[in-house]
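I have placed the structure first, in the form of structure tokens, so that the comments after it can refer back to it.
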Amino acid sequence: MEIIPSQLSKRFYRGNLHGHCVNSDGQLQPEEVIKKYKELGYDFTCLSDHLWIDYSFASSKITDTTQLNEPDFITIPSAEIHCYGKKYDNDGIWHFVANGLPLDFASADDQETAPQLVQRAKDAGAYVTLAHPEWYSLTFEEAMTVSHAHGVEVYNHSCYFESGRGSGIAVADYLLQENHRINLTATDDSHFRVPDAGGGWVMVAASELSANAIIDSLKAGKFYSSTGVDILQFEQHDRKILIECSPVSHLCLAGSGNLAVYTTGTNITKAEFNLDNFKSDWFRLTLIDDSGHFAWSNPVWL
Ligand SMILES: [Zn+2]
Ligand SMILES: [Zn+2]
């Protein structure tokens with residue numbers, strides 16, 4: 001059984017789920033952001049400008065770039081949505097990325113709570129992820145209150161550059177240990193203050209390049225995340241796992257607690273794991289190449 005569709009048989013689309021333009025605190029015009037991602041070889045990007053009541057860095061409206069869509073490059077209406085109540089953030093606000101929002105989705109007011117905001121974005125049809133958990137020290141208790149989100153950013157490229165806090169793996173694993181079926185995303189969060197475009201992306205297997213098809217595949221977990229490694233094939237046959245990938249040095253499957261199995265070498269492009277003695281209800285695949293680039297699969301439930 002294919003855990004994710006094979007890249008040899010199904011079309012994958014490369015996209016950035018999290019980025020900003022001058023409509024919030026980004027440095028470039030929407031057209032310039034789109035040009036940048038097209039030049040980088042992406043198929044889609046999301047101008048997820050901050051949607052919040054503090055207009056010093058946020059907007060009251062969703063950035064609409066749908067008129068700039070082309071047959072081979074699209075944008076998906078998105079926002080980084082905020083509300084009050086976050087510990088360890090200097091403004092006391094939460095950050096969530098919501099992709100596939102209706103253009104009239106309203107900002108939270110000063111009363112809406114984080115669980116309510118996540119639910120409202122989901123009800124509006126969006127794919128909702130916990131943004132940059134490490135960057136603002138998202139606590140386990142906080143993550144548990146918003147575990148109905150679809151995913152966690154396990155890599156945020158601009159947070160990695162600007163504060164050395166780009167990871168979200170620990171928070172994703174906390175939620176998995178508690179049996180929440182959360183997906184993992186890698187994003188740029190590009191503002192163009194630093195060269196933060198093209199560092200973390202998702203590869204989505206979809207029936208076509210349209211906002212609806214991409215959002216449906218994200219919700220179905222038919223994607224993987226990358227900073228430079230490709231997962232070409234990822235299959236499960238009973239307790240046997242087969243992987244084909246671009247050349248890597250390390251592959252590991254991590255499960256509950258500190259459980260992991262791994263293989264290490266040079267230019268590995270195929271690997272096989274047997275999970276007969278793997279006492280976990282779930283596992284997730286991580287690949288690392290010689291240059292320190294990663295790919296992450298979504299968790300697989302056995
Ligand atoms: Zn943010
Ligand atoms: Zn952001």
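Looking for whichever is within 22 Å of residue 25 (Cα to Cα), among the aliphatic types (A, V, I, L, M) and within 13 Å of ligand 1 (Cβ to nearest atom) here; the options are 93, 76. Which one fits?
Numbers: 76 fails: within 13 Å of ligand 1 (Cβ to nearest atom).
Answer to the selection: 93.
Does residue 101 satisfy the condition of being in the same structural domain as residue 138 (by TED's automatic domain parsing), closer than 19 Å to residue 126 by Cβ and either in contact (Cβ under 8 Å) with a residue 60 or more places away in the chain or more than 12 Å from ligand 2 (Cβ to nearest atom) (or both)?
Numbers: in the same structural domain as residue 138 (by TED's automatic domain parsing): yes; closer than 19 Å to residue 126 by Cβ: yes; either in contact (Cβ under 8 Å) with a residue 60 or more places away in the chain or more than 12 Å from ligand 2 (Cβ to nearest atom) (or both): yes.
Taking the combined requirement at face value, the residue satisfies it.
From 131, 121, 149, grab the single residue that is farther than 30 Å from residue 293 by Cβ, within 16 Å of ligand 2 (Cβ to nearest atom), of a type in the set (A, V, I, L, M) and surrounded by 22 or more Cβ atoms within 10 Å (Cβ to Cβ). Quick ask: steps written out before the conclusion?
Details: 131 fails: farther than 30 Å from residue 293 by Cβ; 149 fails: farther than 30 Å from residue 293 by Cβ.
Going through 131, 121, 149 in turn, just one is farther than 30 Å from residue 293 by Cβ, within 16 Å of ligand 2 (Cβ to nearest atom), of a type in the set (A, V, I, L, M) and surrounded by 22 or more Cβ atoms within 10 Å (Cβ to Cβ): 121.
With segment 189-302 as the region, which strands (runs of 3 or more DSSP E) entirely inside it contain at least 2 residues that are farther than 30 Å from residue 33 by Cα? Before the answer, list the steps.
Working: elements: 201-205, 223-226, 231-237, 240-255, 260-274, 282-288, 294-296.
Hits in segment 189-302: 231-237, 240-255, 260-274, 282-288.
Let me spell it out: the conditions are (1) touching an Asp or Glu at 6+ places or on another chain (Cβ under 9 Å); (2) within 16 Å of ligand 1 (Cβ to nearest atom); (3) part of a loop (DSSP other than H, G, I, E, B), and residue 179 meets all of them except one. Which number is the exception?
(2)
Given the options 19, 15, name the one that is in contact (Cβ under 8 Å) with a residue 60 or more places away in the chain, more than 13 Å from ligand 2 (Cβ to nearest atom) and of a type outside the set (S, T, N, Q).
Numbers: 19 fails: more than 13 Å from ligand 2 (Cβ to nearest atom).
Residue meeting the stated conditions: 15.
Based on what the data block shows, is residue 118 in contact (Cβ under 8 Å) with a residue 24 or more places away in the chain and more than 23 Å from residue 22 (Cβ to Cβ)? Can you show your working first?
Details: in contact (Cβ under 8 Å) with a residue 24 or more places away in the chain: yes; more than 23 Å from residue 22 (Cβ to Cβ): yes.
Here the answer is yes, as residue 118 does meet what is asked.
The values are calculated or read from the model by the stated rules, or taken from the named source; none is laboratory data. Values in this document were obtained by computation on a predicted structure and should not be read as measured data. Backbone-built Cβ (ideal geometry, glycine too); neighbour counts: all protein chains shown.
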